[in-house]
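Notes for the one structure printed next.
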Amino acid sequence: LHGSTPQGRKLGIYRMMGRELAALGYVVLAIDQRGFGQSDNPPDVQDVHSFDYVSDAQNGLSYLESRPDVDAEMLFLIGHSFGGDVAASTAVIDNRIARLVLIGPGRRYMERGGTPDVAGYGYFKRRQMRYMFLWQAIPDDVFQTYRMVLPLESHLDYFAQLDHVPVLLVDGALESEADKDFLQTIFDDMQGEKVYRTLANADHYANVANVGPLIVYDETAVSQLIHEIDTFLMAESD
């Protein structure tokens, strides 16, 4: 699941991940979440149900589950940034997910702009609308209702249980100290099966960038990311 970007699944990091994981034998499904990339916009911005990103992820799982070349007992969900928020929210309610990977999931949501009384709220909301090319403003109550339930920090009770889905947290060494500290604190508070890895000398996008039609990437960072994901997905559960 991709992050907040107009390119959706076609952003360089997701194309690289999909290619490399497919080369390892995984059946990879990358979707454009509603409002991003080539997917339709939410049908009614006045209706909070129009922003049901979790149901889109579940539909993707159902599609994979229906394929004869997919083992329904080995459905994995990977999310980056905003996609990490959606992936975590999906795992909380869908027990078909065997393992969960969260790469640079959204952090410090309430601090950054989760409510109108926070300085960054307006920018945070406008950015989401801009990336979806929405011509109509999302009402504050709708935005707060659907967006506030998605961040990883909203699911601390779930991950404090011993039987939560096995989870891999990944960040980049070049991300802000505040973001890394926040994720480390969440990891420390988690119970059950969990792994935390930091990509050496890597930014939020694992040093992958789009330059016009080209994808420029750091082979070392991408290789480490894929290695960490593959090692975690293939590990025996405790």
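Every number in this text was worked out from the coordinates using simple rules, so none of it is lab data. Since the model is a prediction, treat every value here as computed from it, not as a measurement. No Cβ is skipped: glycine too gets one built from the backbone with ideal geometry, and neighbour counts run over all protein chains shown.
So here's what we get for this one:
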| read-out | value |
| --- | --- |
| Considering residues of segment 48-65 that are of a type in the set (D, E, K, R) and in a helix (DSSP H, G or I) only, the residue farthest from Leu150 (Cα to Cα) | Glu65 |
| Single unsatisfied condition, Gly37 versus (1) surrounded by 12 or more Cβ atoms within 10 Å (Cβ to Cβ); (2) on the phi > 0 side of the Ramachandran plot; (3) more than 20 Å from the chain's Cα centre (by Cα) | (3) |
| Residue in segment 14-26 that is in contact with a Lys or Arg (Cβ under 6 Å, 6 or more places away or on another chain) and among the hydrophobic types (A, V, I, L, M, F, W, C) present | no |
| Candidate set from segment 66-83 (those that are surrounded by 13 or more Cβ atoms within 10 Å (Cβ to Cβ) and either among the hydroxyl-bearing types (Ser, Thr, Tyr) or part of a helix (DSSP H, G or I) (or both)); member that is nearest to the chain's Cα centre (by Cα) | Gly83 |
| Identity of the residue in segment 42-57, in contact with a Ser or Thr (Cβ under 9 Å, 6 or more places away or on another chain) and among the charged types (D, E, K, R), that ends up surrounded by the most Cβ atoms within 10 Å (Cβ to Cβ) | Asp56 |
| Out of Thr115, Thr145, sole residue that is in a loop (DSSP other than H, G, I, E, B), surrounded by fewer than 18 Cβ atoms within 10 Å (Cβ to Cβ), among the β-branched types (Val, Ile, Thr) and in contact with a Phe, Trp or Tyr (Cβ under 9 Å, 6 or more places away or on another chain) | Thr115 |
| Condition broken by Val101, with the remaining ones in (1) touching a Phe, Trp or Tyr at 6+ places or on another chain (Cβ under 9 Å); (2) surrounded by fewer than 16 Cβ atoms within 10 Å (Cβ to Cβ) satisfied | (2) |
| Top-ranked residue of segment 154-208 - restricted to ones that are farther than 23 Å from Ile226 by Cβ and of a type in the set (Ser, Thr, Tyr), ranked as surrounded by the most Cβ atoms within 10 Å (Cβ to Cβ) | Ser154 |
